[in-house]
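Heads up: the structure comes next, in C-alpha cells.
The values are calculated or read from the model by the stated rules, or taken from the named source; none is laboratory data. Quick caveat: nothing in here was measured; it's all calculated off a predicted structure. Cβ placement follows ideal geometry from the backbone for every residue including glycine, while neighbour counts extend to all protein chains displayed.
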Amino acid sequence: MSRILITGSSEGLGLMAGQLLAEEGHTVALHARNAERAKTARKGLSGAEDVIEGDVSTIAGARSVAEQANALGTFDAVIHNVGVGYREPRCVETEDGLPHVFAINVIAPYILTALIKRPKRLVYLSSGLHHHVEPHLDDVLWRRRRWSGMEAYSESKLHDVLLAFAVARKYSDVLSNALEPGWVATRMGGAGAPDDLDEAHRTQAWLAASDDPAAQVSGQYFYHMAPLDPNPLAKDAVLQDQFLEICHRLTGVQLPY
C-alpha cells in the first residue's frame, strides 16, 4: 500500500480521488487552503492521515505546504490536483505580482515538485483545453496581451504538461505523468458539464498507486486511464527547459536535478 498526498483536496476531484485511494487501502494526506476548508476535507475523508493547510497562491504559502508535507515523511506519490478555473474576468495578481491563475495552476505545482521530498510517482492534472493553445513563454505574466481568462487557464494546463514531461525526462527514478479528467460537473466545471463525473477522479488515483503495468509509465498523457496524445508542444525539450527556467526566475526555487 502507498502513502499519497493530494493537493487541493478539500472537495471535488481531489477529495474524490482521496476517498477512492483510501477505499483501496492506501494512506492519504489531503491539502486545504485554510482551516475552514480543512474541516470540510476531514469530514469528506475522516480516515485521512493528515490535512495540510496552506494557501498556494503565494510563493511563501507553497513553500509552507512543502515544508508541512516533508514533516510527514516521504510520500510514494503526489497528485498535483490544486487549481482554479477559467472564469476570472481580469488579470488578478497575487502578492508576488503573478496572475492568480498562473500562480495556483502552475507555480504552486512547480514549487511543490521542487521542494517536497521526491516521491516515486508524480501526477499532474491538466485539461482538454491545453490542446488548443501555445505556451506563450515570452508573456506568461500577461504583460503584453489582452487578458482572456479562458486562454490563461488553458495555457496554465499546457504548462502543467510541460512540467510533468520535464520531470519525467530529468528524473529517471520517478514516474511523472499528466492527465485530463474531462469537463465534469464540479464547482470549477459547472453544473452543465457533459462528461462522466464518476470517471473523472479515477485516472489520477490509478496513476498514483496502481500495480497495473499500463500505469507504471512516465512522460505520458492520459484520459480515462487510456493514453492520449497531448499538445505536441508539451514534448518539446527546449520549451520544457525554458519553462523551468522561467519558474526558477519567478520563484527563486530551482528544480533539483
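Of the conditions (1) under 30 Å from Pro213 (Cβ atoms); (2) part of a loop (DSSP other than H, G, I, E, B), Leu158 clears all except one; give me its number.
Condition not satisfied by Leu158: (2).
To keep it simple, each residue is scored yes or no on (1) surrounded by fewer than 22 Cβ atoms within 10 Å (Cβ to Cβ); (2) at pLDDT 95 or above.
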{"site": "Leu72", "(1), (2)": "yes, yes"}
{"site": "Val82", "(1), (2)": "no, yes"}
{"site": "Tyr86", "(1), (2)": "yes, no"}
{"site": "Cys91", "(1), (2)": "yes, no"}
{"site": "Gly97", "(1), (2)": "yes, yes"}
{"site": "Asn105", "(1), (2)": "no, yes"}
{"site": "Tyr110", "(1), (2)": "no, yes"}
{"site": "Pro119", "(1), (2)": "no, yes"}
{"site": "Val133", "(1), (2)": "yes, yes"}
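Testing Asp198 on (1) more than 29 Å from Leu137 (Cβ to Cβ); (2) at pLDDT 95 or above; (3) not in a loop (DSSP other than H, G, I, E, B), one condition comes back false. Which one is that?
Against the list (1) more than 29 Å from Leu137 (Cβ to Cβ); (2) at pLDDT 95 or above; (3) not in a loop (DSSP other than H, G, I, E, B), Asp198 comes up short only on (2).
Restricting region 45-94 to residues that are among the acidic types (Asp, Glu) and in contact (Cβ under 8 Å) with a residue 24 or more places away in the chain, which is nearest to His31 (Cα to Cα)? Step through it out loud before you land on a result.
Keep residues of region 45-94 that are among the acidic types (Asp, Glu), which gives 49-50, 53, 55, 67, 76, 88, 93.
With in contact (Cβ under 8 Å) with a residue 24 or more places away in the chain added as a condition, the list becomes 49, 67, 76, 88.
Details: Glu49: 11, Glu67: 13, Asp76: 16, Glu88: 23 Å.
Filtering first and then ranking leaves Glu49.
Sort through Ile4, Ile52 and tell me the only one that's over 27 Å from His224 (Cα atoms), of a type outside the set (S, T, N, Q) and assigned to a strand (DSSP E or B). Step through it out loud before you land on a result.
Values: Ile4 fails: over 27 Å from His224 (Cα atoms).
None of the other options fit; the residue is Ile52.
In this structure, does Arg63 turn out to be farther than 24 Å from Leu250 by Cα, crowded, with 17+ Cβ neighbours inside 10 Å, within 17 Å of the chain's Cα centre (by Cα) and of a type in the set (Lys, Arg)? Outline the logic, then answer.
Details: farther than 24 Å from Leu250 by Cα: no; crowded, with 17+ Cβ neighbours inside 10 Å: yes; within 17 Å of the chain's Cα centre (by Cα): yes; of a type in the set (Lys, Arg): yes.
No.
Among (1) part of a helix (DSSP H, G or I); (2) touching a Lys or Arg at 6+ places or on another chain (Cβ under 7 Å); (3) surrounded by fewer than 24 Cβ atoms within 10 Å (Cβ to Cβ), which single condition is Phe165 missing?
The failed condition is (3).
Run down Ser9, Ser46 and say which single residue is surrounded by 18 or more Cβ atoms within 10 Å (Cβ to Cβ) and assigned to a loop (DSSP other than H, G, I, E, B).
One residue alone meets the criteria, Ser9.
Suppose we filter region 17-37 for residues that are in contact with an Asp or Glu (Cβ under 9 Å, 6 or more places away or on another chain) and touching a residue at least 60 places away in the same chain (Cβ under 8 Å); how many remain?
Filtering region 17-37 down to residues in contact with an Asp or Glu (Cβ under 9 Å, 6 or more places away or on another chain) leaves 26-35, 37.
From what's left, touching a residue at least 60 places away in the same chain (Cβ under 8 Å): 26.
Residues that pass the stated criteria total 1.
So which pairs qualify, if the first residue must be in region 222-239 and on the phi < 0 side of the Ramachandran plot, the second must be loosely packed, with under 14 Cβ neighbours inside 10 Å, the Cβ gap must be under 9 Å, and the two must be at least 6 apart or on different chains?
Ala226/Ala214; Pro227/Ala214; Asn231/His132; Asn231/Glu134; Leu233/Glu134
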